[in-house]
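Enquirer: The structure under discussion is supplied below as C-alpha cells; questions concerning it will follow.
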Amino acid sequence: MSSSDSQRSAPVNDFEEDPRYAASVREAWIAGAYWVVYTIVVTAVAWTLGYGKAAEEIRYVLGFPEWFLWSAGVATLVFCLIPYVLIRRYFVEVSLSPHGEDGDATTRTGDRTTLHDEAGDTA
C-alpha cells in the first residue's frame, strides 16, 4: 500500500454534522408543506366558487367576486396566522455564528426557551 493510498482513504467518522443543519432542514420542510397547503386551499376555494360559472351567476361581496374574496381575501388572512403558530411551536432559535462563538445558544421547544452556555449546560 503506497502512502498516497493511505491519504486518499481518510476515515469517514471525522465528519460531524452541525445540529443547526438538521433543524434548518426540518424547518424548510415545514415551510414547504405550508406553502403547498396554502396554494391548494386558495386554488380549491377559487375553483369551486368561480370556475365554469356564467357572468350572471357570479355573486359579488363588497364589490369583489365571491370566489376572489373567499380565496384571496379570507383564506389569505387565515393563512397569515398559521405561520405564527408554526414558528412558536416547531421552529428553534440557533446561533448563526460559527461553532457558537457568540456565547449562549438558545433552544426553543414548544413554549419553553432553554439557554445553553458554551459547555452545553442548561442555564
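Enquirer: Between Val41 and Tyr60, what is 0.36 nm times their sequence separation minus the Cα-Cα distance? Round to one decimal in nm.
Expert: Working: separation 19, 0.36 × 19 = 6.84 nm, distance 2.05 nm.
That works out to 4.8 nm of additional length.
Enquirer: Obtain the nm distance between the two label points defined at Ala28 and Ser95 by a simple spin-label model: each point lies 7 Å from its Cα along the Cα-to-C-beta direction.
Expert: For the pair Ala28/Ser95, the computed spacing is 2.3 nm.
Enquirer: Now, a different point. Want the number for Tyr21 to Leu77: 0.36 nm per residue separation, take away the alpha-carbon distance, what's left?
Expert: Details: separation 56, 0.36 × 56 = 20.16 nm, distance 3.13 nm.
17.0 nm is the gain from fully extending Tyr21 to Leu77.
Laboratory data are not the source of any read-out in this text; all were calculated from the coordinates shown. Model, not experiment: these values are computed from the prediction. Reconstructed Cβ throughout: ideal geometry from the backbone, glycine too, with neighbour counts over all protein chains shown.
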